[in-house]
Amino acid sequence: MTYIHDSIEQLRKSSPAQTEFYQAVEEILESLAPLLEKNPKYRQHSIIERMLEPERQLMFRVTWVDDDGKVQVNKGYRIEFNSALGPYKGGLRFHPSVNASIVKFLGFEQIFKNALTGLPIGGGKGGANFDPKGKSDGEIMRFCQAFMTELYRHIGPNTDVPAGDIGVGTREIGYMFGQYKRIVNRFDGVLTGKSTLWGGSALRVEATGYGCVYFAQHMLEDADDTLEDKKCLVSGSGNVAIYTMEKLYELGAKPIACSDSSGTLYHQAGIDLDLIKEIKQVRSGRLREYLETHDDAEYTASDDYPEDGQQIWRYSADLAFPCATQNELNEQDAQCLLENGVKAVIEGANMPCTNKAIDLLLEQQVLFGPAKAANAGGVATSQLEMAQNSSMTRWSREEVDEKLKDIMQRIYQDAKRTAEEFDAPKNLALGANIAGFRRVADAMIAQGVV
């Protein structure tokens, strides 16, 4: 469609050298062609052009002092992309790879993910090119305080509510919240992912992983199948991967592989999840330490990966859950999954599959759960945390889990129904993109030219 092509080309000119952002935009816009042909109002109101340009882009210097007394300088970001449905909502990522392209792709995806939840939240994202690894608690605290000293003036419980992401957990959220509270002299629900001791929601840490598995459960049920006895590949070993594996075990499946930045662990007997939690969450160690307890497991260092992809996708399994980072599963990896009998791929990370990998999986009729739908459990539970904060109440773990299950079922059904509406049954990527876009676009039209 010429309109979509022209919009992408114009974006490349106005936002040069932002590869990840282009990829996210292309994946979504190309699937919108049938909607745009059916409803010319979106073109008449320039919705694509308006949606591709963030409402506000913030870039700022973050200066802090390390333990040796040396001043360090990092770059901070907050992209407030779209507030048509509610306050900007999206995580903060602290990682050396963070740049404008990464933050914009994450923020753009967040618009549609948040829309799919059906909750009143807009899309945003942020972070900094700061690496918490190897830093002392004092250094991390000073960085977080410096970061919030700049960010606080742009956020608020009804304006922009950041959360955690890679490199930002309960510790970092705590340091940032403390600095925000010190500056504004208010105890606002301005950040989610807080400790349950002071305003956090039960199940927030587990929510993305749990929600991903609930989504997979609905996909399989519609295909007259279940999770029972399914062998699963789960990339990553952070919160999303760990709690994906935990819920898989609870529902009768068996994770047999996971990974970290140093390598891939394969254990045919089933991953010892308690040991993984101890290694990663208690010791902050590396997966190779697993072999000290289980000598029947296999470990492949990242330096020994195949030249054309990731080792974890080379094992035989029934289901694959890419839960690590963007573009971790390419076309060659997808081909390996097909050859090894994988029946479904469910994205737990943000944009973990390349567009060519997605195309191949859909072409071969592998069940595919797109990230903006399958990993929306985290942001959905963040909004539940916002609701608890605003009403000064606290819900039990069981109450939050029931709400999460309902939200994930609603997201799945919405994506499925929309795919069928546009004559693309089982293409949940198209269904999720159109359903999320349509909700945001209709709100933008109703609110006038803003």
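The values are calculated or read from the model by the stated rules, or taken from the named source; none is laboratory data. The structure presented is a predicted model; accordingly, all values stated were derived computationally and were not measured. Neighbour counts are summed over all protein chains in view; Cβ atoms, including those assigned to glycine, are modelled from backbone coordinates with ideal geometry.
Going by the structure shown, is V190 among the aliphatic types (A, V, I, L, M), in contact (Cβ under 8 Å) with a residue 12 or more places away in the chain and assigned to a loop (DSSP other than H, G, I, E, B)? For V190, the condition - among the aliphatic types (A, V, I, L, M), in contact (Cβ under 8 Å) with a residue 12 or more places away in the chain and assigned to a loop (DSSP other than H, G, I, E, B) - is met.
The strands (runs of 3 or more DSSP E) falling completely within segment 50-113 include none with 3 or more residues that are of a type in the set (G, A, S).
All of A371, A424 fail the test of being of a type outside the set (V, I, T) and more than 23 Å from L203 (Cβ to Cβ), apart from A424. The single condition among (1) touching a strand residue (DSSP E or B) at 6+ places or on another chain (Cβ under 8 Å); (2) of a type outside the set (A, V, I, L, M); (3) not in a helix (DSSP H, G or I) that D296 does not meet is (1).
Inside segment 347-367, residues that are charged (D, E, K, R) and under 19 Å from the mean Cα position of the chain (by Cα) make up a count of 1. Selection over segment 252-292 of residues that are closer than 19 Å to W313 by Cα and either charged (D, E, K, R) or part of a loop (DSSP other than H, G, I, E, B) (or both) gives a count of 11. Taking first residues from segment 19-31 that are outside the structural domain of K104 (by TED's automatic domain parsing) and farther than 13 Å from P370 by Cα and partners that are aliphatic (A, V, I, L, M) and crowded, with 17+ Cβ neighbours inside 10 Å, no Cβ contact under 9 Å between residues at least 6 apart in sequence or on separate chains turns up.
Taking segment 1-24 as the range and being surrounded by 12 or more Cβ atoms within 10 Å (Cβ to Cβ) and not in a helix (DSSP H, G or I) as the test, the residues that pass are M1, S15, Q18. A84 meets each of the listed conditions (1) loosely packed, with under 13 Cβ neighbours inside 10 Å; (2) closer than 28 Å to V161 by Cβ apart from (1). For L35, state whether it is within 26 Å of the chain's Cα centre (by Cα), assigned to a helix (DSSP H, G or I) and touching a residue at least 60 places away in the same chain (Cβ under 8 Å). Answer is yes for this residue. Taken over segment 164-187, the criterion of being under 24 Å from G138 (Cβ atoms) and outside any helix (DSSP H, G or I) is satisfied by G164, D165, I166, G167, V168, G169. Inspection of segment 306-315 finds no residue satisfying the criterion of being closer than 29 Å to R171 by Cα and surrounded by fewer than 19 Cβ atoms within 10 Å (Cβ to Cβ).
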